[in-house]
Amino acid sequence: DFLLPIIDDCDELDRAFRFLLLTMDAIAMRRKYVLVYCSSALDWNHPNLSERLRLAFDLLPRRYTKNLKSCYILHASASTRWMIWTYWAWLSAALWEKIEYVHSIEKLCEDLYPDDEASGAELRRRFPQVVQRLDADQQGEAPPVNFGVPLRKLCNGFGVDFTDKTTGRWYPKLPPTVIFLCEALERDAADEDFGKLFDVDGSAVFSLLDVVDKGFPLPRDL
């Protein structure tokens, strides 16, 4: 979902893929690891995505597959499974054997930490709010929101550890919406005009608040 706002911006997509590959390289080349893919509405058959995905398959060292213990695919729909099968010719037999489908975050946490409730809770916190909303919807539960929730519960539910690039300060379990808003304001040099938010058309504000409340990516034209 976080790639949707930039799916037609090739420069931003390249930056996202470089970040992903650099992050993965520090893990996959050095030790055994588990990969979790959270299936969503993102269409990986989109030309801008499939082209970069194919390039990644061609460039990645074999050690990525060798060190991979398991590849869990969370919330896979029928179309997602079909899409993965279309990549059959690209993937090795060793990788196919490591793919597992799971239907809920709870089941995934139980599989990875069967006797460690604290580690399972920490793993759940690391799933973005949009993934937890999808999980709650599929399990028939109330989806998580930001407004009207105690700060401690919000941070423990899906807070992320964040380092401010400007100051170098590290903040544990910071609500993602705070990060998104502050980065958007800083990017557009709008932090000094924040008060003008309350002078604009109400429908625009309510639309923004709905996005923030549900944890969706902020629109590029914010």
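The values are calculated or read from the model by the stated rules, or taken from the named source; none is laboratory data. Everything numeric in this text was worked out from a predicted model, so none of it was measured. Positions of Cβ are backbone-derived with ideal geometry, glycine not excepted, and every protein chain shown enters the neighbour counts. Ligands, DNA and RNA are excluded from the accessible area calculation, which covers all protein heavy atoms including side chains. Shrake-Rupley method; radii C 1.70, N 1.55, O 1.52, S 1.80 Å.
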1/(1 + (r/R0)^6) with r = Cβ-Cβ of Arg31 and Trp170, R0 = 30 Å, i.e. FRET efficiency to nearest 0.05, evaluates to 0.80
Would you grab the residues whose amide H sits under 5 Å from the one on Ile99? Only those 5+ places off in sequence or on another chain, please, with H modelled 1.01 Å from N. Cys71
Exceeding the 24 Å Cα-Cα cut-off - candidates Lys32/Lys98; Lys32/Lys214; Lys107/Lys153; Lys153/Lys214; Lys69/Lys107; Lys173/Lys214: Lys32/Lys214
Counting all C-alpha pairs of the chain, share separated by more than 33 Å (%): 22
Counting only protein chains, not ligands or nucleic acids, how are His75, His103, His46 ordered by accessible area (probe 1.4 Å), most first? His103, His46, His75
If you place +1 on the Cβ of every Lys and Arg and -1 on the Cβ of every Asp and Glu, how big does the dipole about the Cα centre of the stretch 1-150 come out, in debye to the nearest 20? 720
Given a Förster distance of 41 Å, the FRET efficiency implied by the Cβ-Cβ spacing of Trp88 and Asp116, rounded to the nearest 0.05, works out to 0.70
Once you charge only the Cβ atoms, +1 for Lys and Arg and -1 for Asp and Glu, what is the size of the charge dipole of the stretch 1-64 about its Cα centre, to the nearest 20 debye? 700
With only helices counted (DSSP H, runs n ≥ 4, each -39500 (n - 2.57)), the per-residue ellipticity at 222 nm for the chain, to the nearest 500, works out to -14500 deg cm²/dmol
Mean-square fluctuation maximum in Gaussian network of the chain, Cα pairs under 10 Å, restricted to Pro175, Pro128, Pro61, hits Pro61
Which of Arg169, Arg125, Arg31 moves most in a GNM of the chain, Cα contacts under 10 Å? Arg169
Compute the acute angle (0 to 90°) between the alpha-carbon long axis of helix 176-187 and the principal axis of greatest extent of the alpha-carbon atoms of the chain; round to the nearest 10°. 70
Relative contact order of the chain (C-alpha contacts under 8 Å, at least 6 apart) in percent is 17
Scan around Leu174 for amide H atoms under 5 Å from its own, H built in the peptide plane at 1.01 Å from N, and keep only partners 5 or more places away or cross-chain. Val160, Asp161, Phe162
What is the percent carbon and sulfur in the accessible area of the chain, measuring with a 1.4 Å probe over the protein chains and ignoring ligands? 57
What does the accessible area per residue of the stretch 1-144 come to in Å², with a 1.4 Å probe and no ligands, DNA or RNA counted? 62
